1. Given R₀ = 25 Å, FRET efficiency for A224-M313 by Cβ-Cβ distance, to 0.05?
2. Report the FRET efficiency, 1/(1 + (r/R0)^6), for L183 and K321, where r is their Cβ-Cβ distance and R0 is 22 Å, rounded to 0.05.
3. Run the accessible area of segment 211-255 with a 1.4 Å probe and give the carbon-and-sulfur part as a rounded percent.
4. Separation between the A250 and V340 pseudo-spin-labels, each 7 Å from Cα along Cα→Cβ, expressed in nm?
5. Considering the options T140, A163, C90, tell which one lies farthest towards the positive end of the dipole of segment 69-210, charges being +1 on Lys and Arg and -1 on Asp and Glu at the Cβ, about the Cα centre.
6. Where the centre of each part is set by its Cα atoms, how far does segment 150-209 sit from segment 300-320, in angstrom?
7. Okay, which of segment 221-245 sit inside 17 Å, backbone N to the point 7 Å along the Cα-Cβ direction of H295?
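The values are calculated or read from the model by the stated rules, or taken from the named source; none is laboratory data. Bear in mind the structure is a predicted one, so any value in this text is a computation, not a measurement. Here the Cβ positions follow ideal geometry from the backbone for every residue, glycine too, while neighbour counts run over all protein chains shown. Side chains are part of the model used for accessible areas, which takes the heavy atoms of the whole protein and leaves out ligands, DNA and RNA. Shrake-Rupley method; radii C 1.70, N 1.55, O 1.52, S 1.80 Å.
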Amino acid sequence: MPPPSRHILFLLLLVVAVSRAAVTHGGAEEEDAAACAAANRTGTDAAPLRPDRLTVLVSGYSERRLPLLRAVASAYASHPLVLAVIVLWCNPSTPDRLLLRRLRGGGGVGVGFPPRVKLRRAASASLNSRFLPRPSDIRTAAVAVADDDVLPDAAALSFAFAAWQQAAGPLVGFFPRSHHLDLTRGRWAYTAAEPGRYSMVLTKFMVLGADLLYRYSCSPELAAARTVVDRVRNCEDILMNFVAAEESGAGPVLVEAGGIRDWGDPRNDANAGGGGEDGGAMRDVGLSATGGLGHWEKRGECITEFHQILGRMPLRYSYGKVMETTVGEQGLCSKGGRLVRCDE
C-alpha cells in the first residue's frame, strides 16, 4: 500500500484542528448537556440527599487568588456541617500544574488539601457553570454557592444553614439587593436593598436547594436567559433569584449572624491602596464583569431582559431578616492593620 500523499496528510491535520476548535468553543454547551444528562440518569436511582449536611461550591477564576481560594476551601472543609467542598475552577487557560501546585500548597498531590475538598475544572469561563447539577459530587439537599473572596465564620455558616432548613424553599444569604420599576425609563432597575425590604441575595454567599441547580441549568425555558448571562458575563445570581422565587413563590431570606470576612469589599485598606496583606489582589480579578455605575446599569438591564424572556416577573420582596443577635454590618474588612466591620 503506497504511503499517503502530503495533501491527504494536510487534510487530516486540518480536520483534527477544526474538530479541536469546535470542542473548545462548544465546551460550555457540552458541559451543560452532560451535567443535565447525568442528573437525568441519576434520577430515582440516587440515594436520598442528606438534609443534615451542606455542600459548599466555591468558584475561582483568578490565579492571583489561588492561595486565598485554598485557605477558604480548607476553612469550609473544617466545618462539622459541611459534607464536601467543591472548588470549581473557571479559568480554562490556567495550566493544570500551576493550579495543582498553588492549591496543594506547593507540595505533591494531596499535600495541604483536605480530603473533603474536590477540585473540578469548568469547560469554560461561563458563569452558568456555577449552577450546574453535579449528582456525583453533591449528596446533600442544600448547597452553599460562594465566591472565593468571602468567608463566613463557623457561627454564620451554621446559622445560614439552619435558616435554610426552616425556610424550606427560598434562597438564604447575607448580601441583599433589590429591584424596582423605573417608570420614567420603562424598565427595571437594580438597586441596593432598601431599609427592611429586598428581593435578591448575592452569590457572594447563598444557600439554596440542590434541586434548583437542575431547574436553572436544564430548563429549556431558561435557555435564552442563560445566553444573556454568557453574553454580559454577569447576572447569574439574578437569574437564580428568578428561579428560586418562581419555585417557592417567596422572596429570599436575609440572615445576620457571626462575622463574614469579605476580601473583595472595596472598603478594605488593601484594596484602596493596592498594598497591605492582600496586595490589591482582590480588585477586578473575579469571574464576572464588574465596574462602577455601569455594573448597576447592566444588572438592571438583565432584570428587564429576563422579564421579557419569561413573560412574567417572579421576583418577590422580602421584609425584615432572621438574626441570631442584634448586629450591624456583617462584612469584615482590613482597616489600619485591624479586622473591623466594613462600615466602621
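1. Between A224 and M313 the formula returns 0.95.
2. With R0 = 22 Å, the Cβ-Cβ based efficiency is 0.20.
3. For segment 211-255, the apolar C and S fraction of the accessible surface comes to 52 percent.
4. Label at A250, label at V340, 3.8 nm between them.
5. Among T140, A163, C90, the one farthest towards the positive end of the dipole of segment 69-210 is C90.
6. 14
7. 232-239
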